[in-house]
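Below: the structure, in structure tokens.
The values are calculated or read from the model by the stated rules, or taken from the named source; none is laboratory data. Bear in mind that the values here come from a model prediction, so they are computed numbers and not experimental data. Here the Cβ is made from the backbone with ideal geometry for all residues, glycine too, and neighbour counts use every protein chain on show. Calculation scope for accessible area: heavy atoms of the full protein, side chains included, ligands and nucleic acids excluded. Shrake-Rupley method; radii C 1.70, N 1.55, O 1.52, S 1.80 Å.
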Amino acid sequence: MELKRDLVKYIRDKAKSKYQKGTECFICGDTEKLDFHHFYSLSPLLRKWVREHNLEPSKVLEWREEFIEKHDAELYDHTVTLCHTHHLNLHSIYGKDPSLATAKKQERWVKIQREKHGLV
């Protein structure tokens with residue numbers, strides 16, 4: 001199968017039905033323009049999995065459920081709902097596709113911003 005879209009979209013399509021997107025920004029409480037953020041960014045997580053398991057990306061439909069199962073925590077637990085402004089701020093600090101090594105730092109940054117907004 002030739003991929004017609006980015007590899008990560010095949011994973012996201014299957015996984016997103018279980019996302020627990022909140023109704024307000026975790027940092028400021030805003031209820032408009034909300035984004036769902038993975039502290040363990042899906043693209044680098046997927047690239048690492050494909051490389052470590054020597055997988056053929058074109059066969060993503062064959063192995064994506066195993067990927068989702070093995071990365072349940074990263075896909076569903078280590079996430080946060082942010083307003084679009086705070087989401088952009090986070091990515092301006094950690095980059096568009098943050099390294100997996102920054103996940104704990106991102107979580108810390110979000111908690112600090114929440115405290116600054118008095119939502120603790």
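Under 14 Å from the Cβ of GLU24, count the other residues' Cβ atoms, weight Lys and Arg +1, Asp and Glu -1, and hand me the total.
So the environment of GLU24 carries a net charge of 0.
Excluding residues fewer than 8 places away in the same chain, name every one of the lysines whose C-alpha is closer than 29 Å to that of LYS9.
By straight Cα distance, LYS9 reaches LYS18, LYS21, LYS33, LYS48, LYS59, LYS70, LYS96, LYS104, LYS105, LYS111.
If the viscosity is 1.306 mPa s and the temperature 10 °C, what Stokes-Einstein diffusion coefficient in µm²/s follows for the chain when Rh is the Kirkwood radius over Cα pairs?
104 µm²/s
Distance from a point 7 Å along Cα→Cβ of SER99 to each backbone N in the range 14-56: keep the residues under 18 Å and list them by number.
39-49
If you keep only loop residues by DSSP, which trypsin sites (Lys or Arg not before Pro) in the range 37-120 have at most 14 other Cβ atoms within 10 Å of their Cβ?
LYS96
How far is it, in nm, from the label point at SER58 to the one at VAL120 when both lie 7 Å from their Cα along the line to the Cβ?
So the label points at SER58 and VAL120 sit 5.4 nm apart.
Test of understanding: what is the full-extension gain from GLU66 to SER92, defined as 0.36 nm times their sequence separation minus their Cα-Cα distance? Walk me through the intermediate numbers first.
Details: separation 26, 0.36 × 26 = 9.36 nm, distance 3.18 nm.
Additional length available on full extension: 6.2 nm.
If you roll a 1.4 angstrom probe over the protein chains with everything in place, what fraction of the accessible area of the chain belongs to carbon and sulfur, to the nearest %?
Values: 3530 of 7570 Å².
Using a 1.4 Å probe with all protein chains present, the chain comes out at 47 percent carbon and sulfur.
Kindly report the accessible area of the chain per residue (heavy atoms of protein chains, probe 1.4 Å, no ligands, DNA or RNA), in Å².
Ligands and nucleic acids excluded, the figure is 63 Å² per residue.
Counting other C-beta atoms within 10 Å, and keeping those with at most 12, which DSSP coil GluC sites (Glu not before Pro) do you find in the range 1-94?
Taking the range 1-94 and a limit of 12 other Cβ atoms within 10 Å, the loop GluC sites (Glu not before Pro) found are GLU2, GLU32.
Can you compute the helix-only [θ] at 222 nm over the chain? Use -39500 (n - 2.57) per DSSP H run of at least 4 residues, normalise by all residues, nearest 500 deg cm²/dmol. List each step's numbers first, then the result.
Numbers: 5 runs with 56 residues, N = 120.
-14000 deg cm²/dmol, from helical runs alone.
Over the chain, calculate the relative contact order: mean separation of alpha carbon pairs under 8 Å at least 6 apart, over the residue count, as a percent.
Value for the chain: 40 percent.
Is there a quick way to get the dipole size of the chain? I mean about its Cα centre, with the Cβ of Lys and Arg at +1 and of Asp and Glu at -1; what is the value in debye to the nearest 20?
Numbers: 22 positive and 19 negative charges, 53 e Å.
Here the chain has a charge dipole of around 260 debye.
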